[in-house]
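Worksheet: one structure, shown below.
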Amino acid sequence: MKQVSRWGGAKWSASGAHDEAHRGAVFTSSASNTSLPKLQLKERWWLPVLAPRLPLPVRFGEPSERFPEYWTVMTWVPSEPLDHGSISRGAHAADTLAGFLRALHVEVPAEAPISTDFGAHPRNCTDGYENFFQAVGPNDISADVRAVWDDAVAADAWEGPPVWVHGDLHPANVVVSDGTLSGIVDFGAMFAGDPAWDLAAAWVLLPAGMASRFFGMYAHADEAAIRRARGLAAVKSLFLMLMGQNGERGLPGGKPHWGPAGRAALDRVLKGV
């Protein structure tokens, strides 16, 4: 086996597996992050409930003397993470993302998980926004970014029933092939709540000029949802920029290549729909 990437937890490919049905499967482990076992178990429990057509766990195991971590074997999607790839077929990617989120954003059962980290109205996320903005907010567009955020804060709240939300759509949590989106990974943060948290991906993931097509295909977002989503996209973009800055400074967890991706996303946010 060989390690191929890090999406939430460590992953290894098993391209030499003897069982043809499992060839090319992905082995995920909880590694050393103490929060990851809980997230992995959450995925195991809810993904089969969420959508029968999603790639489901093929095998999973508990910590043992031979391997002291939770582990899961998932079906393999030939692709690469967007933070190491690109989207050249923007219209196709917009349609694919809209179709996925339209299918995902359905009313949840009563026992669905509620997030303590994601899902709040932007007006309840001002501390996080200010921290990111003060750390990396570009001076040349600072007034425009703040205007987008203030508009999101002023938008009406989600009034529909709680729906399934992935919650953590950014370039390292989607995969691409043939110039378009081909998979979504890391459902550990999923929760029941406001779909605007996922709709922010119209700017964070898609190329410039594709937000309008995305929202047209999604067809379920009103003006207030789009305003909240745009503000949340600004926050996510600033977060990517901060991670890039941390990487340039050699800080733990930093990712230098996320900085340019975050700035490009922020520029798309300012262009609107």
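Using a Förster distance of 30 angstrom, determine the FRET efficiency expected from the C-beta separation of Leu251 and Ala120, and round it to 0.05. That gives a FRET efficiency of 0.65. Each Lys and Arg adds +1 at its Cβ and each Asp and Glu adds -1 at its Cβ; summed about the Cα centre, the stretch 68-199 shows a dipole of about 260 debye. Over the stretch 155-273, Cα pairs under 8 Å with separation of 6+ residues give a relative contact order of 24 percent. Over the stretch 147-259, with the other protein chains present, what is the accessible area per residue in square angstrom, probe 1.4 angstrom? About 35 Å² of surface per residue is accessible. Sorted largest first, the spans of the alpha carbon positions of the stretch 159-225 along the three principal axes are 38, 29, 14 Å. Both radii come from the Cα set of the stretch 69-177: Rg as radius of gyration, Rh as Kirkwood radius; their ratio Rg/Rh reads 1.01.
For the stretch 64-154, applying the loop criterion from DSSP together with a ceiling of 13 other beta carbons within 10 Å to the trypsin sites (Lys or Arg not before Pro) yields Arg66. Taking 7 Å steps out from each Cα toward its Cβ at Ala110 and Asp140 produces label points 5.5 nm apart. With only Cα atoms counted, the stretch 118-218 has Rg and Dmax values of 14.8, 40 Å.
Under a model in which nothing but the beta-carbon of Lys, Arg (+1) and Asp, Glu (-1) is charged, the stretch 146-242 shows a dipole of about 260 debye around its Cα centre. Measuring nothing but protein heavy atoms, the accessible surface of the stretch 166-269 at 1.4 Å probe radius is 54 percent carbon and sulfur. Ranking Arg213, Arg268 by solvent-accessible area of protein heavy atoms (1.4 Å probe, all protein chains present), from largest to smallest, gives Arg213, Arg268. Modelled spin labels at Ser86 and Glu130, positioned 7 Å past Cα toward Cβ, are 3.9 nm from each other. Each residue of the stretch 265-273 was assigned a 3J(HN,Hα) from its phi angle through the Karplus expression (A = 6.51, B = -1.76, C = 1.60, θ = phi - 60°), giving 5, 5, 4, 5, 4, 5, 7, x, 9 Hz with x at Gly and Pro.
Simple spin-label estimate for Ser212 and Glu62 gives 5.6 nm between the two label positions (7 Å along the Cα-to-Cβ direction from each Cα).
Placing R0 at 25 angstrom, the Cβ-Cβ distance between Val77 and Glu223 gives a FRET efficiency of 0.10 after rounding to 0.05. Remark: the stretch 101-114, residue by residue, has Karplus-estimated 3J(HN,Hα) of 5, 4, 6, 6, 7, 10, 4, 8, x, 4, 8, 4, x, 10 Hz, where x stands for each Gly or Pro and the curve is 6.51 cos²θ - 1.76 cosθ + 1.60 at θ = phi - 60°.
The values are calculated or read from the model by the stated rules, or taken from the named source; none is laboratory data. Keep in mind that what you see is a predicted model, and the values were worked out from it rather than measured. Cβ coordinates were reconstructed from backbone atoms using ideal geometry, including for glycine residues, and neighbour counts include every protein chain displayed. The protein model used for the area step is the full one, side chains on, heavy atoms only, and it has no ligands, DNA or RNA in it. Shrake-Rupley method; radii C 1.70, N 1.55, O 1.52, S 1.80 Å.
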